[in-house]
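Everything on this sheet refers to the single structure shown next.
The values are calculated or read from the model by the stated rules, or taken from the named source; none is laboratory data. As the structure is a prediction and not an experimental result, all values here were calculated from the model. Here the Cβ is made from the backbone with ideal geometry for all residues, glycine too, and neighbour counts use every protein chain on show. Note: areas computed on protein heavy atoms with side chains; ligands, DNA, RNA excluded. Shrake-Rupley method; radii C 1.70, N 1.55, O 1.52, S 1.80 Å.
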Amino acid sequence: MFQASQLRFYFTYLSCLALLIGLVVSPFLQSMSLFGFTIAAVWESIATRATLAERWKAFWKRPDFWVFGLHFTIVLLGFWAVQDMDFWLERLRIKLPFLILPLAFFFMPQFSQRQYFSLLYVLIIVLSIASLGILINYNLDYENIQLLIKQGQSMPMPTNHIRFSLLLAIGVLSAGYLYWQGYYFRHEKERKWIAGMGLFLFGFIHVLSVRSGIAALYLAILVVGLRYAWLSRRYWLALVVVGAMAALPVLGYFVLPSFKMKVDYALYDLRMRQSGHTEMLSDSERITTLKVGWKIFKAAPLLGVGAGNLDQAVHAQYEAHHPNAARVMMPHNQFLYVAAGSGIVGLLLFCVAIFLPIFYQHNYRDELFLGTYVVLFASLLVEATLENAMGVALASYFWLWGLKQMNLSK
């Protein structure tokens, strides 16, 4: 029979496994895992109630945890001007994990470093299997999928292509981190498998050709690599990293048909935009969303139009200035999204919530946490990543998970 403490640990561990698998193949499993974290935290708090008061005080001494609640608070403060109640309530529902999960992660059972590494190992394996399946399907239906890419669409995959590409980037970094740390589950030769899966995922993210994920991965490698070169005084390594980041896309263009097609489409989009045809193409649509968001922000710079009214404001802008647009889209930049809805006040609170966790007590010293942070931060610049359930799950899980493990030494 398992002891109660072991049951709590296994329940928490299974919740983590459920989320890792759910992020790739099952939104339902992803949602259930978030409930699992909450249950695990409550269970642990009840079991250790003798020290609960001390742990509660300790939580409020860790602003890198509780600051995530600002994401929910920003939307909540928009109640003053709500006109579209359904949209506002939907925003609150999506941001609710930022209010609950910091408490859940702080209070749930602590993993050892080896247990933490084993979950990263599972992530790499799950991503490798999913990527292999996508690659097989790509080869079986090569012509049709190439046509999709030529039209600015993505390969068929089990989840959102942008979120999946960000997961791949995190998977590559995790594989490199585990190899660097000398981790293996049973046999040392597994390190070769870890390195092999990391290289496979690195190559596959280029085959997938989702630019957001590739750019985020490159930026993370650049930041982590340059920091290591600086601290180790191996300045030649900085040149190697920069050179590799510059050369690999060129190599990918000539070697990978899907990558070449995606680059060609981007260049075609640029030419069409320069000639005045801007309404129907993917990149042009993104630029239109930024123009719309900026106009909304300028109209109400201090407090914005209200987090619950942004959808209405965006539709009004499209009707007035972009009536021929193929579809109405929200601003493709998380910072601009917040600024348009909540103004400068909301944007300042948002920046505190984003930047405090990485700089508090020099959390950036942990290489994997730094790399993961950069991947997700980069996505905020080109997507409204935190405006859907999977994006919130990605950010809250990987950032809070990293902070939880660093909590061992604090």
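Observations
- Annotation note: of I39, I94, the sole residue that is part of a helix (DSSP H, G or I) and closer than 16 Å to P109 by Cβ is I39.
- Only one entry in L336, L348 is farther than 28 Å from A104 by Cα and part of a helix (DSSP H, G or I), namely L336.
- Hits in the stretch 163-181 (condition: more than 21 Å from V382 (Cα to Cα) and polar (S, T, N, Q)): S174, Q181
- Just one of the listed residues (S118, S128) is assigned to a helix (DSSP H, G or I), modelled with pLDDT of 90 or more, open to solvent by less than 60 Å² (accessible area, probe 1.4 Å) and out of contact with any helix residue (DSSP H, G or I) (no Cβ under 8 Å at 6 or more places or on another chain), and it is S118.
Residue-wise test of (1) touching a residue at least 12 places away in the same chain (Cβ under 8 Å); (2) surrounded by fewer than 21 Cβ atoms within 10 Å (Cβ to Cβ).
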{"position": "E319", "(1), (2)": "no, yes"}
{"position": "L336", "(1), (2)": "yes, no"}
{"position": "N363", "(1), (2)": "yes, yes"}
{"position": "L376", "(1), (2)": "yes, no"}
{"position": "A384", "(1), (2)": "yes, no"}
{"position": "L394", "(1), (2)": "yes, no"}
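- When the criteria are applied in full, Y183 fails the requirement of being touching a helix residue (DSSP H, G or I) at 6+ places or on another chain (Cβ under 7 Å), over 23 Å from E285 (Cα atoms) and open to solvent by 60 Å² or more (accessible area, probe 1.4 Å).
- P109 falls short on exactly one of the conditions (1) under 23 Å from E367 (Cβ atoms); (2) at pLDDT below 90, and that condition is (1).
- Qualifying residue in the stretch 131-139 (condition: without any contact (Cβ under 8 Å) to a residue 60 or more places away in the chain and buried (at least 16 other Cβ atoms within 10 Å of the Cβ)): no
- Each residue in the stretch 290-312 was checked for being surrounded by fewer than 22 Cβ atoms within 10 Å (Cβ to Cβ) and under 8 Å from G343 (Cα atoms), and 4 of them qualify.
- When M329 is tested against the conditions (1) out of contact with any Phe, Trp or Tyr (no Cβ under 9 Å at 6 or more places or on another chain); (2) surrounded by 14 or more Cβ atoms within 10 Å (Cβ to Cβ), the lone failure is (1).
Residues are listed down the side, and each one gets a yes or a no for (1) in contact with a Leu (Cβ under 6 Å, 6 or more places away or on another chain); (2) surrounded by 17 or more Cβ atoms within 10 Å (Cβ to Cβ); (3) of a type outside the set (V, I, T); (4) under 20 Å from W399 (Cβ atoms):
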site	(1), (2), (3), (4)
V24	no, yes, no, yes
G36	no, yes, yes, yes
W56	no, no, yes, no
K61	no, no, yes, yes
V67	yes, yes, no, yes
M85	no, no, yes, no
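- Any chance E383 is closer than 24 Å to L123 by Cβ, within 13 Å of the chain's Cα centre (by Cα) and of a type in the set (D, E, K, R): yes
- Beta carbons closer than 7 Å, at least 6 apart along the sequence or on distinct chains, pair a first residue in the stretch 176-200 that is of a type in the set (D, E) with a second that is surrounded by 15 or more Cβ atoms within 10 Å (Cβ to Cβ) for E190/Y184.
- Put simply, of L380, L368, L356 the only residue that is open to solvent by 20 Å² or more (accessible area, probe 1.4 Å) and part of a helix (DSSP H, G or I) is L356.
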